[in-house]
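Quick notes on the structure that follows.
The values are calculated or read from the model by the stated rules, or taken from the named source; none is laboratory data. Since the structure is predicted, the reported quantities are computational estimates derived from the model, not experimental observations. Backbone-built Cβ (ideal geometry, glycine too); neighbour counts: all protein chains shown.
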């Protein structure tokens with residue numbers, strides 16, 4: 001049965017154009033082709049990435065945070081209460097007004113005290129500012145070096161300037177050492193991000209992030225096996241070009257260099273819209289949809305690859321909306337971090353209550369002075 005499943009899984013017509021078989025992609029005459037077995041190296045690479053990230057955040061990003069004056073906000077710990085803790089863990093972190101009144105009866109606490117308890121308890125589970133700074137620093141550094149490596153690997157290749165060259169001789173295109181290492185590093189990085197999603201800063205687009213990482217790894221794996229490597233490297237370098245600026249803007253914003261962060265974020269927004277909403281769909285996806293059929297008939301792999309690219313494009317539209325909101329804040333107020341983040345709440349008295357207390361104190365003082373005190 002396993003042999004039958006393997007034969008179906010590696011059926012030539014699923015992965016390769018008509019009249020091409022796996023035997024045609026065996027190393028010969030100086031040509032070296034990508035092999036599925038080489039993808040096993042991605043797992044140890046991802047584990048190494050996690051180790052490098054830990055060392056980077058501990059010995060480089062953390063001291064940099066000290067230099068930049070990035071300090072964690074002092075948090076008030078929620079007062080121990082077994083009733084509220086059980087409700088927080090088993091039911092909801094954000095109770096409705098009716099739930100608050102019900103909890104007031106069970107705990108004999110006033111509504112305001114219960115509401116403050118839940119805010120403080122939610123803040124305890126949120127990542128601190130230094131953690132966000134270190135994470136953004138790591139991603140910024142990786143994207144920078146990945147982008148530089150990608151440009152160096154592609155700048156002298158004809159398909160970098162003429163997209164029709166992507167399909168010249170496909171699929172019998174020899175794999176280059178630079179392509180192998182570029183793929184290995186990128187796939188190891190995204191797999192490490194998938195592993196670390198549970199303890200990284202949790203954002204509002206958590207599910208979209210999971211979909212993105214899985215789609216990216218699936219896309220890169222398929223493009224590796226089916227020898228779509230040329231277009232794969234172009235997709236990677238295009239994405240890395242904008243991610244550097246986003247993570248860099250976050251780092252500067254956490255360090256309270258707001259003006260510089262806003263400028264960098266504005267540049268990022270323009271570049272994101274250009275690369276993800278114009279170049280990616282109208283150049284790269286057009287290249288994968290239109291040019292291949294000029295040389296061979298569509299096959300399953302052709303459709304699968306383009307569907308995965310379309311999934312990424314849908315995510316680009318989703319993030320374009322979030323980025324537009326952040327850009328609006330950047331222009332009309334100031335950039336307060338990542339709009340996708342679960343931001344820390346103010347666990348003190350509300351401004352209305354503070355004003356009320358202040359006016360009460362002033363009025364009391366006035367009455368006191370009037371009475372001769």
Tell me which residues, restricted to segment 95-124, are within 33 Å of the chain's Cα centre (by Cα), over 22 Å from residue 202 (Cβ atoms) and either part of a helix (DSSP H, G or I) or in contact (Cβ under 8 Å) with a residue 40 or more places away in the chain (or both).
115, 116
Unique residue being more than 22 Å from residue 160 (Cα to Cα), in a helix (DSSP H, G or I) and in contact (Cβ under 8 Å) with a residue 24 or more places away in the chain when the list is 311, 321, 307
311
Looking only at segment 61-74, count every residue that is under 9 Å from residue 134 (Cα atoms) and in a loop (DSSP other than H, G, I, E, B) and tell me the total.
0
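Any residue that is touching a helix residue (DSSP H, G or I) at 6+ places or on another chain (Cβ under 6 Å), crowded, with 16+ Cβ neighbours inside 10 Å and in a helix (DSSP H, G or I) - is there at least one of those in segment 80-94?
Yes, because at least one residue in segment 80-94 is touching a helix residue (DSSP H, G or I) at 6+ places or on another chain (Cβ under 6 Å), crowded, with 16+ Cβ neighbours inside 10 Å and in a helix (DSSP H, G or I).
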Reported set for segment 166-180 where residues are touching a residue at least 12 places away in the same chain (Cβ under 8 Å) and surrounded by fewer than 18 Cβ atoms within 10 Å (Cβ to Cβ) is 172, 174, 176, 178, 180
So residue 117 clears everything in (1) surrounded by fewer than 19 Cβ atoms within 10 Å (Cβ to Cβ); (2) not assigned by TED's automatic domain parsing to the domain that holds residue 176 except one condition, right? Which one?
(1)
Among the residues of segment 128-139, is any over 30 Å from residue 76 (Cα atoms) and either assigned to a loop (DSSP other than H, G, I, E, B) or not assigned by TED's automatic domain parsing to the domain that holds residue 87 (or both)?
yes
State the number of residues belonging to segment 126-149 that are under 18 Å from residue 268 (Cβ atoms) and either crowded, with 18+ Cβ neighbours inside 10 Å or touching a helix residue (DSSP H, G or I) at 6+ places or on another chain (Cβ under 6 Å) (or both).
14
Does residue 27 satisfy being free of Cβ contacts under 8 Å to residues at least 12 places away in the same chain, surrounded by fewer than 12 Cβ atoms within 10 Å (Cβ to Cβ) and under 30 Å from residue 138 (Cβ atoms)?
no
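Modelled with pLDDT under 80 and farther than 22 Å from residue 250 by Cβ, is that true of residue 342?
The answer is no for residue 342.
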Which condition number in (1) part of a loop (DSSP other than H, G, I, E, B); (2) surrounded by 22 or more Cβ atoms within 10 Å (Cβ to Cβ) is the one that residue 256 fails?
(2)
List every residue pair whose Cβ atoms sit under 9 Å apart, with the two residues 6 or more apart in sequence or on different chains, where the first one lies in segment 187-213 and is outside the structural domain of residue 122 (by TED's automatic domain parsing) and the second, anywhere, is at pLDDT 90 or above and assigned to a strand (DSSP E or B).
none
Exactly one of 185, 194 is in contact with a helix residue (DSSP H, G or I) (Cβ under 6 Å, 6 or more places away or on another chain) and either within 29 Å of residue 326 (Cβ to Cβ) or in a helix (DSSP H, G or I) (or both), and that residue is 194
Checking residue 104 against (1) surrounded by 15 or more Cβ atoms within 10 Å (Cβ to Cβ); (2) touching a helix residue (DSSP H, G or I) at 6+ places or on another chain (Cβ under 6 Å); (3) within 27 Å of residue 172 (Cα to Cα): exactly one of these is not met. Which one?
(3)
Would you confirm, using the coordinates I've provided, whether residue 283 is over 24 Å from residue 189 (Cα atoms) and either touching a helix residue (DSSP H, G or I) at 6+ places or on another chain (Cβ under 7 Å) or not in a helix (DSSP H, G or I) (or both)?
yes
Return yes when residue 58 is in the same structural domain as residue 193 (by TED's automatic domain parsing) and part of a helix (DSSP H, G or I) and no when it is not.
yes
